[in-house]
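Peer 1: Could you have a look at this structure, given as structure tokens, before my questions?
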Amino acid sequence: MMTGMNRRLLWSAVAALLCLLAPVAATPARAAELASGPIVTVTATIKPPGDSGVRFEFSAVKPGEYVYVRVRLPEGPELEFVGEDAVVDFVSVPYFSGSSFWIDIEAWTEENPGDVTYDGATIHTHAVAADFGGDSSTSVSVWRPGDGYWHVLPAYGDAYGAQWGMAGDVLVPADYDGDADSDGERRTDLAIWRPSDGTWWIKGSETQDYVARLGRDGDVPVPGDYAGWGQAETAVWRPESGKWFIQSPLGVVRAVRWGQAGDVPVPADYDGDGLTDVAVWRPTDGTWLINKSRLGQYTEGFGLPGDIPVPADYDRDGAADIAVWRPTDGMWWVQRSTEGLLARPFGQLGDRPVPGDYDGDARSDLAVVRPGNPLMWHVDLSDGGLLATGFGLPGDVPVPLVRTP
Ligand SMILES: [Ca+2]
Ligand SMILES: [Ca+2]
Ligand SMILES: [Ca+2]
Ligand SMILES: [Ca+2]
């Protein structure tokens, strides 16, 4: 098992990428330091939906200097700013629609004209899956049904454990308290759903622990931020009727009919507007049926019977991509929303897919857990390199595990 120090070394390439977790939907805009260097500090603020845009503020360390800044966004023109007296005014970027994205920043001053360049920075508006460290990275993590212990190996820092839940419970980790703090960290909360009585036991990372009630035995829990609260709602899908029951943080339940018995619920934000979309995958013929919150209903055939749906954002445009993992040959088939089709072998028969953003670059990484003692985690890091680490015992449930047909 790797030590915290080794992990830090492993992630050293990532350390250059200073991550900012910006507030999401409906939360007040909040500034956080995005990147800093010897010459210029850069601050970015994402506005809530309805007032879309991202604003940047740049300031030179030395007062009185002119600051030159060039910003490249995934879409739209290159932006250039020049300002004096250490501060450039806030600048709106009106075509930004509200999702996680990557920006490249160059900044320099007249005194230091050369190569004062930041590699870039990621702005997340979505909570990262299984981010127990609050570092915008998926944590290698397992749950042990025998004693209800969660064992977590964050991308930064040391492994730790916490008891929450018991045998028979279903894992429903998500960010229920929307706890983006001044550092922009938005931590996933330990949470379980108990089928016998439909209770949700949530261990808030910022708020007090609390219990919610929704669903019954036979339902499939599908928490997500369906309405743009900036925090996960409790939700279940009922296979027999195809109904989704979604409960707001205020306790109001609404029902949506989508899918039918035999489908696999695959909620995610497929249109990148910050809101989770109701969606199912039909294993019998490989059809995806997605009710996009911004772009409306969408159907596509992708995948074969026997595949495991693994939707996530693999190309860092803020929209979840339709994707399957094929257990028979270990192939990942990803219909990336901006970068086209990806077909890549990673993993083998007997593995379980556990995609997530383990290196924190806002691009989901291909990942599998291989049975064994310990369980072996293999991650194809999107910023380069492989992570292979033993973590967990036979019988443990990998926390980032996706739902299987
Ligand atoms: Ca939280
Ligand atoms: Ca959406
Ligand atoms: Ca995408
Ligand atoms: Ca990644």
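Peer 1: Conditions first: (1) touching a strand residue (DSSP E or B) at 6+ places or on another chain (Cβ under 6 Å); (2) under 22 Å from Ala268 (Cα atoms); (3) within 16 Å of ligand 4 (Cβ to nearest atom). Ala388 passes all but one, so which condition is the exception?
Peer 2: Just one mismatch for Ala388, condition (2).
Peer 1: State yes or no: is Leu341 more than 30 Å from Trp164 (Cα to Cα), away from ligand 4 (no atom under 16 Å from the Cβ) and free of Cβ contacts under 8 Å to residues at least 12 places away in the same chain? Show your work before the answer.
Peer 2: Values: more than 30 Å from Trp164 (Cα to Cα): yes; away from ligand 4 (no atom under 16 Å from the Cβ): yes; free of Cβ contacts under 8 Å to residues at least 12 places away in the same chain: yes.
It is true that Leu341 is more than 30 Å from Trp164 (Cα to Cα), away from ligand 4 (no atom under 16 Å from the Cβ) and free of Cβ contacts under 8 Å to residues at least 12 places away in the same chain.
Peer 1: Among the residues of the range 297-307, is any assigned to a strand (DSSP E or B), away from ligand 4 (no atom under 16 Å from the Cβ) and under 20 Å from the mean Cα position of the chain (by Cα)? Write out each step before concluding.
Peer 2: Residues of the range 297-307 assigned to a strand (DSSP E or B): 297-301.
Add one more test, that the residue is away from ligand 4 (no atom under 16 Å from the Cβ), and what stays is 297-301.
Pick out the ones that are also under 20 Å from the mean Cα position of the chain (by Cα) and you get none.
No, there is no match, as no residue in the range 297-307 is assigned to a strand (DSSP E or B), away from ligand 4 (no atom under 16 Å from the Cβ) and under 20 Å from the mean Cα position of the chain (by Cα).
Peer 1: Taking into account only those residues within the range 388-404 that are of a type in the set (Val, Ile, Thr) and at pLDDT below 95, which is surrounded by the most Cβ atoms within 10 Å (Cβ to Cβ)?
Peer 2: Val402
Peer 1: Right, next: Looking at (1) away from ligand 1 (no atom under 16 Å from the Cβ); (2) closer than 24 Å to Ala320 by Cβ, find the lone condition where Ile202 falls short.
Peer 2: It is condition (1) that Ile202 fails.
Peer 1: Then there is this: All but one of (1) acidic (Asp, Glu); (2) in contact with a strand residue (DSSP E or B) (Cβ under 6 Å, 6 or more places away or on another chain); (3) exposed (fewer than 14 other Cβ atoms within 10 Å of the Cβ) hold for Asp321; which doesn't?
Peer 2: It is condition (3) that Asp321 fails.
Peer 1: Those residues that are crowded, with 22+ Cβ neighbours inside 10 Å and of a type in the set (S, T, N, Q), I need them from the range 253-304; list them, please.
Peer 2: The answer is Thr276, and nothing else.
Peer 1: Follow-up. Just for the range 269-300: of the residues that are at positive phi and touching a Ser or Thr at 6+ places or on another chain (Cβ under 7 Å), which one is nearest to ligand 3 (Cβ to nearest atom)? Outline the logic, then answer.
Peer 2: Just the residues of the range 269-300 that are at positive phi, to begin with: 272, 274, 286, 296.
Adding the requirement that they be touching a Ser or Thr at 6+ places or on another chain (Cβ under 7 Å) leaves 272, 274.
Numbers: Gly272: 7, Gly274: 14 Å.
Restricting to residues being at positive phi and touching a Ser or Thr at 6+ places or on another chain (Cβ under 7 Å), the top hit is Gly272.
Peer 1: Hey, does the range 200-211 have a residue that's at negative phi, more than 18 Å from the chain's Cα centre (by Cα), polar (S, T, N, Q) and at pLDDT 95 or above?
Peer 2: Scanning the range 200-211 turns up no residue that is at negative phi, more than 18 Å from the chain's Cα centre (by Cα), polar (S, T, N, Q) and at pLDDT 95 or above.
Peer 1: From the list Asp315, Asp361, Asp383, Asp307, which one is surrounded by fewer than 19 Cβ atoms within 10 Å (Cβ to Cβ), among the charged types (D, E, K, R) and over 14 Å from Ser141 (Cα atoms)? Please lay out each step first, then the result.
Peer 2: Numbers: Asp315 fails: surrounded by fewer than 19 Cβ atoms within 10 Å (Cβ to Cβ); Asp361 fails: surrounded by fewer than 19 Cβ atoms within 10 Å (Cβ to Cβ); Asp307 fails: surrounded by fewer than 19 Cβ atoms within 10 Å (Cβ to Cβ).
After ruling out the rest, the residue left standing is Asp383.
Peer 1: Something else about it: Of all residues in the range 199-258, which are of a type in the set (D, E, K, R), touching a residue at least 12 places away in the same chain (Cβ under 8 Å) and within 17 Å of Asp179 (Cβ to Cβ)?
Peer 2: Across the range 199-258, the qualifying residues are Lys203, Glu206, Asp225, Glu233.
Peer 1: Sticking with this one: Of the conditions (1) at pLDDT below 95; (2) surrounded by fewer than 22 Cβ atoms within 10 Å (Cβ to Cβ); (3) aliphatic (A, V, I, L, M), Ala232 satisfies every one except a single condition; which number is it?
Peer 2: (2)
Peer 1: Then there's this: So, restricting to strands (runs of 3 or more DSSP E) that lie completely within the range 100-147, which ones have at least 3 residues that are modelled with pLDDT under 80? Reasoning before the result, please.
Peer 2: Details: elements: 101-109, 117-124, 140-144.
Of the strands (runs of 3 or more DSSP E) lying wholly inside the range 100-147, those with at least 3 residues that are modelled with pLDDT under 80 span 101-109, 117-124.
Peer 1: Could you list all residues from the range 149-170 that are in contact (Cβ under 8 Å) with a residue 40 or more places away in the chain and surrounded by fewer than 19 Cβ atoms within 10 Å (Cβ to Cβ)?
Peer 2: Result: Tyr156, Gly157, Asp158, Ala159, Ala162, Val170.
Peer 1: Answer yes or no as to whether Arg186 is crowded, with 20+ Cβ neighbours inside 10 Å and in a loop (DSSP other than H, G, I, E, B).
Peer 2: Values: crowded, with 20+ Cβ neighbours inside 10 Å: yes; in a loop (DSSP other than H, G, I, E, B): yes.
Against the criterion (crowded, with 20+ Cβ neighbours inside 10 Å and in a loop (DSSP other than H, G, I, E, B)), Arg186 qualifies.
Peer 1: Another question about this same structure. Identify all residues within the range 354-382 that are acidic (Asp, Glu) and either away from ligand 3 (no atom under 16 Å from the Cβ) or closer than 19 Å to Pro327 by Cβ (or both); write none if there are none. Reasoning before the result, please.
Peer 2: Of the range 354-382, the ones acidic (Asp, Glu) are 357, 359, 361, 365, 380.
Within the range 354-382, Asp359, Asp365, Asp380 qualify.
Peer 1: Moving on. Return a yes/no flag: does the range 365-376 have any residue that is out of contact with any helix residue (DSSP H, G or I) (no Cβ under 9 Å at 6 or more places or on another chain), among the polar types (S, T, N, Q) and either more than 25 Å from Tyr156 (Cα to Cα) or within 16 Å of ligand 2 (Cβ to nearest atom) (or both). It would help to see each step written out before you state the result.
Peer 2: First pass over the range 365-376, keeping only residues out of contact with any helix residue (DSSP H, G or I) (no Cβ under 9 Å at 6 or more places or on another chain): 365-376.
Now restrict to residues that are among the polar types (S, T, N, Q): 373.
Next cut, either more than 25 Å from Tyr156 (Cα to Cα) or within 16 Å of ligand 2 (Cβ to nearest atom) (or both) only: none.
No - not one qualifying residue is present in the range 365-376.
Peer 1: Assess whether Gly215 counts as being buried (at least 22 other Cβ atoms within 10 Å of the Cβ) and within 28 Å of Val379 (Cα to Cα).
Peer 2: On the way: buried (at least 22 other Cβ atoms within 10 Å of the Cβ): yes; within 28 Å of Val379 (Cα to Cα): no.
When the stated conditions are applied, Gly215 does not pass them.
Peer 1: Give me the residue from the range 361-377 that is touching a residue at least 24 places away in the same chain (Cβ under 8 Å) and out of contact with any Asp or Glu (no Cβ under 8 Å at 6 or more places or on another chain) and, out of that set, farthest from Asp269 (Cα to Cα).
Peer 2: Pro374
Peer 1: What are the residues in the range 252-296 that are assigned to a loop (DSSP other than H, G, I, E, B) and more than 22 Å from Thr338 (Cα to Cα), if any? First the steps, then the outcome.
Peer 2: First pass over the range 252-296, keeping only residues assigned to a loop (DSSP other than H, G, I, E, B): 252, 258-263, 266-267, 269-276, 283-286, 293-295.
Once the filter is applied, which keeps residues that are assigned to a loop (DSSP other than H, G, I, E, B) and more than 22 Å from Thr338 (Cα to Cα), the range 252-296 yields Val252, Trp258, Gly259, Gln260, Ala261, Gly262, Asp263, Pro283, Thr284, Asp285.
Peer 1: What are the pairs, 6+ residues apart or on separate chains, where a residue within the range 268-291 that is under 18 Å from Pro221 (Cβ atoms) has its Cβ under 6 Å from a residue that is aromatic (Phe, Trp, Tyr)?
Peer 2: Thr276/Tyr226; Asp277/Tyr270; Val278/Trp244; Val278/Trp258; Trp281/Trp288
The values are calculated or read from the model by the stated rules, or taken from the named source; none is laboratory data. Since this is a predicted model, take the numbers as computed values, not measurements. FYI the Cβ positions are ideal-geometry reconstructions off the backbone, even for glycines, and counts take in every protein chain you see.
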